[in-house]
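Written below as structure tokens is the structure these notes are about.
The values are calculated or read from the model by the stated rules, or taken from the named source; none is laboratory data. The model shown is predicted, which means the values in this text are computed figures rather than measured ones. When we count neighbours, we look across all protein chains shown, and the Cβ atoms used for this are built from the backbone with ideal geometry, even at glycine. When the accessible area is computed, the model is the full protein with side chains, heavy atoms only, and any ligands, DNA or RNA have been set aside. Shrake-Rupley method; radii C 1.70, N 1.55, O 1.52, S 1.80 Å.
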Amino acid sequence: QETERRLHEVQADLIHVSRLSAMGELASALAHELNQPLTAIGNYLVAAQQLIERGPEHVQRASDVIGKSIEQALRAGQIIRQLRSFIQKREVERAPAEIDKVVDEASALAFIGLKEKGVRVAIERQSNLPEVPIDRIQIQQVLINLIRNAVDAMDGQDRRELTIRVSAADGEARISIIDTGSGIPPGMEEKLFRAFATSKASGMGVGLSISRTIVEAHNGRLWFEANPTGGAIFHMALPLSGEAAA
Ligand code: ADP
């Protein structure tokens, strides 16, 4: 039992470290993403100050401009909050979560810095999705990994379309990440989920192996298939109820 407890601890540490490393890769894009609202806040406040100095009749407009800078400050705060909850070392905890919200939050982080990649994104969701008992942060970690992999695979392709499909049926919720990228490289199929299997020059090859560990700890499944129109599809299925794996 003691060994098992240690094993869980080490696994949780590993998952946490991998999350840190994923956010490390995002650091420069995040800095850029934060710089935008901060610059906007500065500009709005300068404008507001000038309006106020021009006389009391401009106070209403100054107030409107300050309102805009508040919006930007809230936006910057939200980015930082998401990032913090993501990198914090925390206890693993399962709680019912609205799966489409989980997907929205994960894609907000995953798409940081990707605007210039020109990927068309569509999120298709079934209505009335049930809640799913998950560790929200860990499942978002899996989603971010799958989305970033899909975007990497579409680099340099003519068609760059990413579809995230969220549905529920037969006692499980399913999230599919569908890309029109280069497809799984020949010879990678068998070892994709093994640690250190990568086809990327700067890849570590641990993303999918950790993702599968996370999904299996939820008693779920993670697998892929070729996209019939070119590219790859990764599916994650999570049970809607029942005990999580020990
Ligand atoms: P890394 O991204 O660091 O290489 P991963 O474990 O996340 O590590 O992915 C392992 C390998 O699986 C990638 O290097 C790539 O060859 C392949 N792969 C993963 N997702 C896709 C995808 N959507 N399309 C094509 N190949 C993929």
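A few points about this structure:
- Charge dipole of segment 179-235 (Cα centre as origin; +1 on each Lys and Arg Cβ, -1 on each Asp and Glu Cβ, all else neutral): 160 debye, rounded to the nearest 20.
- Derived scalar couplings between HN and Hα for segment 31-39 equal 4, 5, 4, 7, 5, 4, x, 5, 5 Hz in order, rounded to whole Hz, by the Karplus curve 6.51 cos²θ - 1.76 cosθ + 1.60 (θ = phi - 60°), x for Gly and Pro.
- log₁₀ of I(q)/I(0) at q = 0.26, 0.27 Å⁻¹ - segment 129-181, Debye sum with one point per alpha carbon: -1.01, -1.05
- Among beta bridges that DSSP assigns inside segment 66-211, antiparallel share in %, nearest 5: 65 percent
- Furthest towards positive pole of dipole, 47, 35, 16, structure part segment 14-106, Cβ charges: 16
- Within straight-line cross-link reach of residue 200, lysines at Cα separation under 22 Å, skipping those fewer than 8 residues along the same chain: 115, 117, 191
- Viscosity 1.306 mPa s, temperature 10 °C, Stokes-Einstein D of segment 160-246 from Kirkwood C-alpha radius, µm²/s: 113 µm²/s
- Across the chain, Cα-Cα distances exceeding 25 Å account for 50% of all pairs.
- The C-alpha atoms of the chain define a longest principal axis, and helix 59-87 lies at about 20 degrees to it.
- Only protein heavy atoms count here; on that basis, with a 1.4 Å probe, residue 101 has an accessible area of about 100 Å².
- The percentage of C-alpha pairs in segment 92-214 whose separation is greater than 20 Å is 47%.
- Once the gyration tensor of the Cα atoms in segment 1-73 is diagonalised, the equivalent ellipsoid follows with semi-axes of 50, 13, 6 Å, ordered largest first.
- A simple rule links phi to the HN-Hα coupling: the Karplus curve 6.51 cos²θ - 1.76 cosθ + 1.60 with θ = phi - 60°, which for segment 6-17 gives 4, 4, 4, 4, 5, 5, 5, 4, 4, 4, 5, 4 Hz, with x for Gly and Pro.
- Long-range amide H partners of residue 160 with built H, under 5 Å: 120
- Of the beta bridges in the chain, as assigned by DSSP with both residues counted there, near 80 percent are antiparallel.
- Size of electric dipole in the chain: Cβ of Lys, Arg +1 and of Asp, Glu -1, about Cα centre, debye, nearest 20: 460 debye
- Only protein heavy atoms count here; under a 1.4 Å probe, residue 8 has an accessible surface of about 80 Å².
- The three principal axes of the Cα atoms in segment 1-133 give end-to-end lengths of 74, 35, 30 Å, sorted in falling order.
- Value of [θ]222 nm, deg cm²/dmol, for the chain, DSSP H segments ≥ 4, -39500 (n - 2.57) each, nearest 500: -17500 deg cm²/dmol
- Taking amide hydrogens as placed 1.01 Å from N in the peptide plane, the amide H of residue 134 sits under 5 Å from those of 95, 97, each at least 5 positions away in sequence or on another chain.
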